[in-house]
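Below is one structure, written out as structure tokens; the observations come after it.
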Amino acid sequence: MSSNVSNFSKHINIKTKNHLFVREGILIDKETEEEVARVVNNVPRFIAAYQDYASNFGYQWNKWNSILSDSRNSNLEDAKYKLLLKRTQFDKFETSGKTILECGCGGGDDTEILLRFPFSEVHAFDLSTAVDRARKFLSDERLVLSQASIFEIPYADKSFDFVFCHRVLQHTPDPVLALKSICQKVKVGGVLFVHSYHRSKKYMQHFKYKYRFITKRIPHFFIEQFLNVFATPMHALNSRLYKSRWGKKFAFGFIPLEYSPKYSNFSKRELIQLEKLVTFDALTPMYDTPMRWSEMKSIVEAEGFEIKYFNDNPSGSPIYLTAVRKS
């Protein structure tokens, strides 16, 4: 069973810091009896529709609902698991019996990887309706899903052994404030993993930063239809351009398709579907603000963490780190 109702008691009212209880499908403040969130489809909804600036992610993860799922796409060959293990280094830490909070779970492709670790509880939230896809496909009594904002996380400070935030920060209105917000949820001695696109000179030449001022304003359906029509010929064009240094540079900067010559054990058809997904992800978000490595590092250290593992990727993207809270 997904999102066991009894586990909703870990949520709090961010205004009063009081814990909550469920009454007739509503989360209620235990002290003030204020109605804090409605439980819809067994998921607490801490946001109103107008607060969802991430509707594109709800659209994309419900559209491409299995291509990046290790459990539902055997051709991935555990690619997601291997990637997250490499980036987080979670195998270097004791995870048995520990709690983890995933900030920005999307449709749950990373969540299903986190459930492979022996965490006692896996709490995951997302701003978008992608949480409904996560609930549909993920079934584990340890999992608690909610729809919430990264700026108003409905959990007490210093309440989790692990906090995980992957491919999210750059898609918030204020990545610095978002990073500080998630840092607050890590216990002393707990582990933080954060990731961001990198504001490097090379990465900022990517085609999306030339077209996003238009594409983020176009209805998602039309971006999807554009990719349905042009992805295959653009893939063929990119396969030629990427054979030379200057062709690759031109394609990276101007051809609006994220090229994947090979990925795991994908067929050509799957590669093109993956390219559609990643390109949609690049062109449609309301926000896309990469961080500099120096900025990420200084914020995490100022919040009381010691960085244990990291990838600063001086010329490219992404950047990420795993750190332990010392104070």
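A few comments on the model shown:
- Potential extension, residue 317-residue 53 segment - 0.36 nm per residue separation minus Cα distance: 92.7 nm
- For the chain, the list of Cys residues with no other Cys C-beta under 4.7 Å reads 105, 183.
- Mean-square fluctuations from a GNM of the chain, with a 10 angstrom spring cutoff on Cα atoms, peak among 305, 213, 151 at 213.
- Of all accessible heavy-atom area on region 29-159, the percent that carbon and sulfur account for (1.4 Å): 45 percent
- Percent of C-alpha pairs per 10 Å bin in region 5-127, short distances first: 11, 34, 33, 19, 3, 0.
- Cα gyration tensor, region 133-251 - rounded (a/c under 1.5), prolate or oblate: prolate
- Put simply, the amide H of residue 27, placed in the peptide plane, has neighbours under 5 Å in 36, 37, 38, 39, leaving out anything fewer than 5 places away on its chain.
- Considering only 129, 289, 111, the Gaussian network model of the chain with Cα springs below 10 Å gives its largest mean-square fluctuation to 289.
- Accessible area (Å², per residue) of the chain, counting only protein heavy atoms and a probe of 1.4 Å: 45 Å²
- Sorting 74, 69, 315 on solvent-accessible area from highest to lowest, probe radius 1.4 Å, gives 74, 315, 69.
- Cα-based Rg of region 185-232 normalised by 2.2 N^0.38 Å, two decimals: 1.83
- Relative contact order of region 241-327, pairs being alpha-carbon contacts under 8 Å that are 6 or more residues apart, as %: 16 percent
- Near the amide H of residue 309, within less than 5 Å, lie the amide hydrogens of 322, all on another chain or at least 5 residues away, with H placed in the peptide plane.
- Structure remark: mean-square fluctuation, Gaussian network model of the chain, C-alpha springs under 10 Å; the largest value among 104, 190, 316 belongs to 316.
- For the residue pairs 80/136; 180/326; 86/216; 10/326, the C-alpha atoms sit more than 21 angstrom apart in 86/216; 10/326.
- Kirkwood analysis of the Cα pair distances in region 235-301 returns a hydrodynamic radius of 14.0 Å.
- Entry note, the chain: relative contact order of 19 percent, from Cα contacts under 8 Å with a spacing of 6+ residues.
- Cα convex hull of the chain, projected area averaged across orientations, nm²: 16.3 nm²
- Straight-distance candidates among the aspartates and glutamates for linking to residue 210, with alpha-carbon spacing under 20 Å and chain neighbours fewer than 8 residues away dropped: 224, 258, 275, 281, 288.
- With θ taken as phi - 60° and the Karplus curve 6.51 cos²θ - 1.76 cosθ + 1.60 applied, the whole-hertz 3J(HN,Hα) list for region 19-30 is 7, 10, 9, 9, 9, 6, x, 10, 8, 10, 5, 5 Hz, x standing for glycine and proline.
- Evaluated at q = 0.11, 0.15, 0.18 Å⁻¹, a Debye calculation over the C-alpha positions of region 1-74 (equal weights, vacuum) places log10 I(q)/I(0) at -0.40, -0.67, -0.83.
- Those residues of region 150-177 whose amide nitrogen sits under 20 Å from the label point placed on residue 136, 7 Å along Cα→Cβ: none
- Where Rh is the Kirkwood radius over Cα pairs, Rg/Rh for region 145-203: 1.00
- Shape of region 273-327 from the C-alpha gyration tensor: prolate (a/c of 1.5 or more and a/b above b/c, with a ≥ b ≥ c the square roots of its eigenvalues).
- Shown here are the Rg and Dmax of the Cα trace of region 211-327, at 18.0, 54 Å.
The values are calculated or read from the model by the stated rules, or taken from the named source; none is laboratory data. The shown structure was predicted, so the numbers you read here are calculated from the model rather than taken from an experiment. Note that we place each Cβ from the backbone using ideal geometry, even for glycine, and neighbour counts take in every protein chain shown. Keep in mind that these areas ignore ligands, DNA and RNA; they rest on the heavy atoms of the full protein, side chains included. Shrake-Rupley method; radii C 1.70, N 1.55, O 1.52, S 1.80 Å.
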